[in-house]
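Following: one structure in structure tokens, then a few remarks.
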Amino acid sequence: EELGINIKKEFEQIAFSSDSPADLGDRCTVFMESALFEHLQRGFPIPHLVGGLAYSVVHNYLNKVVENRKIGNNIFFQGGTACNTSVVAAFEKILGKRITVPPHNEVLGAIGAAIVAAEEIEAESKFKGFALTEADYRIESFVCQDCPNHCKVNQVWIEGEEKPLTYGDRCDKYSGKEGRKKIEGIPNLFKERDRLLFAREKTLLRSAGNDNKRKRIGIPRALHTYELLPLWESFFTELGYEVILSDRTNDGIIHQGIEIVVADTCFPIKVTHGHVLNLLEKDLDYIFIPSIIDFEKE
């Protein structure tokens with residue numbers, strides 16, 4: 001839309017017309033869009049930008065998803081993205097391998113889910129038949145006010161049916177089998193995690209004593225420093241430090257982070273900068289910001 005072209009009707013043709021696609025990087029679509037505007041302002045022709053987008057999608061997938069995994073010689077490409085022949089061509093160009101796009105590639109996942117459901121669920125099908133497309137129907141919509149999401153709920157009333165077909169509610173409250181009721185007593189797992197973390201903190205503080213001469217070290221309450229807090233907290237407490245966390249994420253911390261970050265980064269990184277600034281306002285001797293090069297994946 002930003003380039004004034006129709007992605008379904010014009011994208012492929014324009015991409016194929018480029019003999020020098022722009023390098024838009026391999027990051028997510030948010031940064032891809034930023035790179036697109038940057039190149040547009042620098043005067044890059046539309047065909048080179050569109051061709052660059054096709055290559056960028058491929059580089060993002062190969063570098064961020066496939067990573068160092070082995071790639072075979074015959075590649076089966078399914079999903080809606082495979083409808084874009086310029087992306088398929090970019091895959092073939094980069095990999096130098098055969099790419100096979102099957103018929104109905106955009107709905108193969110749905111077909112597979114239907115096959116699994118038919119095999120696993122021993123019940124009579126409730127499929128109403130294709131004649132349903134000829135039936136009269138009406139659509140009604142309303143906005144659910146039960147939570148801050150404010151979902152737009154759509155109900156399709158079909159002639160001869162007692163209940164409507166409902167969609168648009170994120171929690172399935174209306175589209176569920178019998179409607180989803182609010183269940184009381186479900187634990188808040190974020191609060192439970194904090195309770196366990198800070199119960200451990202109190203134990204460590206008691207064992208370390210309340211020596212005012214201890215050095216104070218600050219840890220940002222963000223990203224891996226917070227996820228690995230039990231490790232860092234135990235480590236520094238045993239070394240004789242008093243561990244101080246930044247405040248909980250709030251509007252002030254978010255605003256500070258956004259204001260100070262010059263580079264175009266993800267929102268969590270901007271918030272992390274806000275947490276570091278928050279620590280700078282405290283009476284600390286050190287701030288711990290580890291450089292984590294690699295991390296074990298489960």
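The values are calculated or read from the model by the stated rules, or taken from the named source; none is laboratory data. Predicted, not measured: the structure shown is a model, and the values here were computed from it. Cβ: placed from backbone, ideal geometry, glycine included. Neighbour counts: every protein chain shown.
Restricting attention to segment 256-275, the residues that are buried (at least 19 other Cβ atoms within 10 Å of the Cβ) and over 21 Å from Arg27 (Cβ atoms) total 3.
Residues that are under 28 Å from Phe267 (Cα atoms) and touching a helix residue (DSSP H, G or I) at 6+ places or on another chain (Cβ under 7 Å), at least 2 per element: which helices (runs of 4 or more DSSP H) completely within segment 1-94 meet that?
The qualifying helices (runs of 4 or more DSSP H) are 29-41, 46-61.
Among the residues of segment 275-298, write down those that are within 23 Å of Phe235 (Cβ to Cβ), of a type outside the set (S, T, N, Q) and in a helix (DSSP H, G or I). Listed by number, the residues that qualify are His275, Val276, Leu279, Leu280. With respect to being surrounded by 13 or more Cβ atoms within 10 Å (Cβ to Cβ), among the acidic types (Asp, Glu), at pLDDT 85 or above and touching a helix residue (DSSP H, G or I) at 6+ places or on another chain (Cβ under 8 Å), Glu201 falls outside the description.
The residue that is surrounded by the most Cβ atoms within 10 Å (Cβ to Cβ), among those in segment 114-148 that are touching a residue at least 24 places away in the same chain (Cβ under 8 Å) and of a type in the set (A, V, I, L, M), is Leu132. Taking each residue of segment 149-162 that is more than 15 Å from Thr133 (Cβ to Cβ) and looking for partners that are basic (Lys, Arg) and surrounded by 10 or more Cβ atoms within 10 Å (Cβ to Cβ) with beta-carbon atoms closer than 8 Å, six or more apart or interchain, yields Asn149/Arg170; Cys151/Arg170; Trp157/Arg138. Taking strands (runs of 3 or more DSSP E) as the structural unit, those lying wholly within segment 108-177 and holding at least 3 residues that are within 30 Å of Cys83 (Cα to Cα) correspond to 152-158, 165-167.
Residue pairs whose Cβ atoms lie under 6 Å apart, separated by 6 or more positions or on different chains, with the first residue in segment 279-298 and under 13 Å from Ile217 (Cα atoms) and the second among the charged types (D, E, K, R) and modelled with pLDDT under 95, are Leu284/Arg216; Asp285/Lys215; Asp285/Arg216. The numbered conditions (1) under 30 Å from Leu24 (Cβ atoms); (2) without any contact (Cβ under 8 Å) to a residue 12 or more places away in the chain are all true for Arg98 except (2). Scan segment 116-163 residue by residue and report those that are within 35 Å of the chain's Cα centre (by Cα) and aliphatic (A, V, I, L, M). Residues satisfying the conditions are Val116, Ala117, Ala118, Ile121, Ile139, Val143, Val153, Val156.
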